[in-house]
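In what follows, a structure is listed as structure tokens, so that the remarks can point back to it.
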Amino acid sequence: MANLLSETGDVWGNGHRTRLAVASPTARSAARACEHAQCASSVRWEAARTGWKEEPMVRQYPAGSGAEREILTGFLDWQRETVSLKVTDLGHDDAHRSLLPTSPRMTVAGVLSHLRQTEHEWFSGSFPTRARTVQRDPQGGWTRSSAPLAELLDGYRVECEFSRAAIEDLDLGQMQEFTPEAFSPVSLRWILAHMIEETARHLGHLDIIREQLDGIRSY
């Protein structure tokens, strides 16, 4: 899989230095080519073999003068990275703790699982000829499990990389290859806008849940 990270650099923001890590095109091509379980395993194997250690992407707004695609993918990546920040250093029990009696699956772990499945359905699922085998879930990822939070976060990050690979050379006007029943086909432009909305909405849930669990607040 060659080097998963090809470019790194220190970036300052809000008084803190953050290591910028950008996935290489080689990693993206490898991600598209392999099956889900095999590829997730390959990412971990390659990290162990090369000593590569994942470091978070810096949260950086897209340039104000950027092209439409840069702005859409830039804001989506901002939301994706904020998901990772929201669940950092949260204990196992709290990650699976339900605070809403009427929505027992609305936990930090549940939201993370749902966001992974949402990435999968909208990107790999919409363009299945460019992806590994698509695994659709009628529950939308809202399944209760005792999986470790680190495992769920790893799955989400890998899925986001699959998403980037699936669309990296598609035009924004490209229509879905697959559209669920009862829905009308939508373009990649629509999907990116929707995923910004979807991820941001659930970040609001994570904001509230995390503050209720341990008082941690952040933007």
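Summary table
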item: Subset of region 99-139 that is among the polar types (S, T, N, Q) and exposed (fewer than 15 other Cβ atoms within 10 Å of the Cβ) - its residue that is nearest to Asp214 (Cα to Cα); result: Ser103
item: Single condition Arg189 does not satisfy, out of (1) among the charged types (D, E, K, R); (2) touching a Gly at 6+ places or on another chain (Cβ under 9 Å); (3) closer than 18 Å to Val83 by Cβ; (4) surrounded by 15 or more Cβ atoms within 10 Å (Cβ to Cβ); result: (3)
item: Checking Val134 against (1) modelled with pLDDT under 95; (2) out of contact with any Gly (no Cβ under 6 Å at 6 or more places or on another chain), the condition it does not meet; result: (2)
item: Selection from region 60-74 of residues that are over 16 Å from Arg164 (Cα atoms), surrounded by 11 or more Cβ atoms within 10 Å (Cβ to Cβ) and among the polar types (S, T, N, Q); result: Gln60
item: Scan of region 140-160 for residues that are of a type in the set (Asp, Glu) and either crowded, with 20+ Cβ neighbours inside 10 Å or assigned to a loop (DSSP other than H, G, I, E, B) (or both), ordered by number; result: Glu159
item: Matching entry among Glu211, Glu177, Glu197 (being over 14 Å from Ser84 (Cα atoms), of a type in the set (D, E, K, R), in contact with a Phe, Trp or Tyr (Cβ under 9 Å, 6 or more places away or on another chain) and surrounded by fewer than 20 Cβ atoms within 10 Å (Cβ to Cβ)); result: Glu177
item: Any hit, region 201-212, residues being within 17 Å of Glu68 (Cβ to Cβ), in a helix (DSSP H, G or I) and either within 14 Å of the chain's Cα centre (by Cα) or among the β-branched types (Val, Ile, Thr) (or both); result: no
item: Check on Arg136, more than 14 Å from Gln117 (Cβ to Cβ), within 18 Å of the chain's Cα centre (by Cα) and among the basic types (Lys, Arg); result: no
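A quick yes/no check of all residues on (1) assigned to a helix (DSSP H, G or I); (2) in contact (Cβ under 8 Å) with a residue 12 or more places away in the chain:
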| residue | (1), (2) |
| --- | --- |
| Pro138 | no, no |
| Arg164 | yes, yes |
| Gly173 | no, yes |
| Glu177 | no, yes |
| Leu192 | yes, yes |
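The values are calculated or read from the model by the stated rules, or taken from the named source; none is laboratory data. Since the model is a prediction, treat every value here as computed from it, not as a measurement. Here the Cβ is made from the backbone with ideal geometry for all residues, glycine too, and neighbour counts use every protein chain on show.
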